[in-house]
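Okay, structure first, notes after.
The values are calculated or read from the model by the stated rules, or taken from the named source; none is laboratory data. Quick caveat: nothing in here was measured; it's all calculated off a predicted structure. Glycine gets a Cβ as well: all are built from the backbone with ideal geometry, and neighbour counts include every protein chain shown.
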Amino acid sequence: MEYANLLLEKNDSVAILTVNRPKALNALNSDTLSELSSALDAVIQDSAIKAVVLTGSGGKAFVAGADISQMKDFNSLQGRRFAQLGHAVFRKIELMPQPVIAAINGFALGGGCELAMACDIRIAAENAKFGQPEVTLGLTAGFGGTQRLPRLVGTGIASELLFTGDIIDAQEAYRIGLVNKVYTSEALLEEALKLARRIADRAPAAVQLSKSAIQRGINLDLDSAQAYEAEVFGLTFSTQDQTEGCSAFLEKRKPVFEGR
Ligand code: HXC
């Protein structure tokens, strides 16, 4: 499928999704969000894809935010609908079976930072910049930033970033736990692919159920979340990969997972 503002490539069992509007620093307009939603559906339906890398094209930006030229003349209803569109697409990332790694190769501002935060894992290039500069535009964050940033880095640091609109660099993002690792720009994509392939080598159902337990559990109280974890753990015993994984350990050999 061809997209106007997105590239979807397959590299063995890993999909690479690239937001591709480099002239606008990959800013997210409604068309790009709709394409992202369709591309995610295509990935969800392709069980051969075991992990996804999400990045931005052009070498300067991951995503520099929601599209300011589209938003400028919104009324309240249009603003709310645009936020809801972003919420739905970003939630799809969290609830889809395959893990998604954000390879943040430049500006991740506003909606771009929010997109990265909806991914399961974030790694960054040393030139990456992060922030929620909406207040400098007279806006609030609206694609989940007021909710995911405090969950990821705590309310104190999140409040400072959301109230000032300050931009931070990759090292600071690493320090506050917003990204897992920082690489050179040249190494970032290859490192993201290596990580994705490592995940893709594991028992797929176990990885997908782990993601589900994290994503569902984080919004539940501990007892309900543990009940869900127990259910998920039990489900792994209905897979052949569980028998293979445990047998391989006891037989001192490498497991061969078949995704069943
Ligand atoms: C639309 C954008 C854009 C954006 C950049 N561009 N960011 N267009 N929406 N978010 C466009 C510029 O207008 C310009 O187009 C081209 O991309 C290159 O950008 P420059 O500004 O010339 O580049 P540079 O001087 O290097 O500055 C890079 C930058 C700056 C620091 C990232 O572009 C910037 O501050 N962008 C806006 C960042 C931001 O405020 N993001 C949050 C948006 S609000 P032309 O045509 O002039 O070449 C948001 C809300 C989310 O995300 C929630 C919604 C519900």
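For the range 68-78, indicate whether the set of residues that are closer than 25 Å to Leu139 by Cβ, of a type in the set (Phe, Trp, Tyr), surrounded by 20 or more Cβ atoms within 10 Å (Cβ to Cβ) and in contact with a helix residue (DSSP H, G or I) (Cβ under 9 Å, 6 or more places away or on another chain) is non-empty.
no
Considering only residues that are of a type in the set (Gly, Ala, Ser) and either within 16 Å of the ligand (Cβ to nearest atom) or touching a residue at least 40 places away in the same chain (Cβ under 8 Å) (or both), which ones fall in the range 29-48?
First pass over the range 29-48, keeping only residues of a type in the set (Gly, Ala, Ser): 30, 34, 37-39, 42, 47-48.
Correct list: Ser30, Ser34, Ser37, Ala42, Ser47.
Confirm whether Glu231 is free of Cβ contacts under 8 Å to residues at least 12 places away in the same chain, within 26 Å of the chain's Cα centre (by Cα) and surrounded by fewer than 16 Cβ atoms within 10 Å (Cβ to Cβ).
Against the criterion (free of Cβ contacts under 8 Å to residues at least 12 places away in the same chain, within 26 Å of the chain's Cα centre (by Cα) and surrounded by fewer than 16 Cβ atoms within 10 Å (Cβ to Cβ)), Glu231 qualifies.
Per-residue answers, yes or no, for (1) closer than 19 Å to Phe130 by Cβ; (2) without any contact (Cβ under 8 Å) to a residue 24 or more places away in the chain; (3) in contact with a Gly (Cβ under 6 Å, 6 or more places away or on another chain):
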residue: Ser57; (1), (2), (3): yes, no, no
residue: Phe74; (1), (2), (3): no, yes, no
residue: Gly79; (1), (2), (3): no, no, no
residue: Phe82; (1), (2), (3): no, no, no
residue: Leu85; (1), (2), (3): no, no, no
residue: Phe90; (1), (2), (3): yes, no, yes
residue: Met96; (1), (2), (3): no, no, no
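Only residues that are surrounded by fewer than 14 Cβ atoms within 10 Å (Cβ to Cβ) and farther than 13 Å from Ala42 by Cβ: list them for the range 1-23, please.
Ala4, Asn11, Asp12, Lys23
Just checking, does the range 79-94 include any residue being surrounded by fewer than 23 Cβ atoms within 10 Å (Cβ to Cβ), modelled with pLDDT of 95 or more and not in a helix (DSSP H, G or I)?
no
Which pairs turn up if I take residues in the range 1-28 that are not assigned by TED's automatic domain parsing to the domain that holds Ile44 and modelled with pLDDT under 95 and look for partners that are not in a helix (DSSP H, G or I) and not β-branched (Val, Ile, Thr) with beta carbon separation below 9 Å, at least 6 apart in sequence or on another chain?
Met1/Leu8
Here is a yes/no grid of residues against (1) surrounded by 17 or more Cβ atoms within 10 Å (Cβ to Cβ); (2) part of a helix (DSSP H, G or I):
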{"position": "Val182", "(1), (2)": "yes, no"}
{"position": "Arg197", "(1), (2)": "no, yes"}
{"position": "Gln215", "(1), (2)": "no, yes"}
{"position": "Leu220", "(1), (2)": "no, no"}
{"position": "Ala225", "(1), (2)": "no, yes"}
{"position": "Leu235", "(1), (2)": "no, yes"}
{"position": "Arg253", "(1), (2)": "no, no"}
{"position": "Arg260", "(1), (2)": "no, no"}
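Residues in the range 1-28 that are near the ligand (Cβ under 10 Å from one of its atoms) and assigned to a strand (DSSP E or B): how many?
Qualifying residue count, the range 1-28: 1.
If you scan the range 95-120, which residues turn out to be surrounded by 23 or more Cβ atoms within 10 Å (Cβ to Cβ) and of a type in the set (Asp, Glu)?
Correct list: Glu114 only.
Please determine, by comparing only the residues of the range 121-149 that are away from the ligand (no atom under 16 Å from the Cβ) and either of a type in the set (Gly, Ala, Ser) or within 16 Å of the chain's Cα centre (by Cα) (or both), which one is surrounded by the fewest Cβ atoms within 10 Å (Cβ to Cβ).
So, considering only residues that are away from the ligand (no atom under 16 Å from the Cβ) and either of a type in the set (Gly, Ala, Ser) or within 16 Å of the chain's Cα centre (by Cα) (or both), the one surrounded by the fewest Cβ atoms within 10 Å (Cβ to Cβ) is Ile121.
State all residues of the range 150-180 that are more than 10 Å from Gly131 (Cβ to Cβ), in contact with a helix residue (DSSP H, G or I) (Cβ under 7 Å, 6 or more places away or on another chain), surrounded by 13 or more Cβ atoms within 10 Å (Cβ to Cβ) and without any contact (Cβ under 8 Å) to a residue 40 or more places away in the chain; if no residue qualifies, say none.
Pro150, Leu152, Ala158, Ile176
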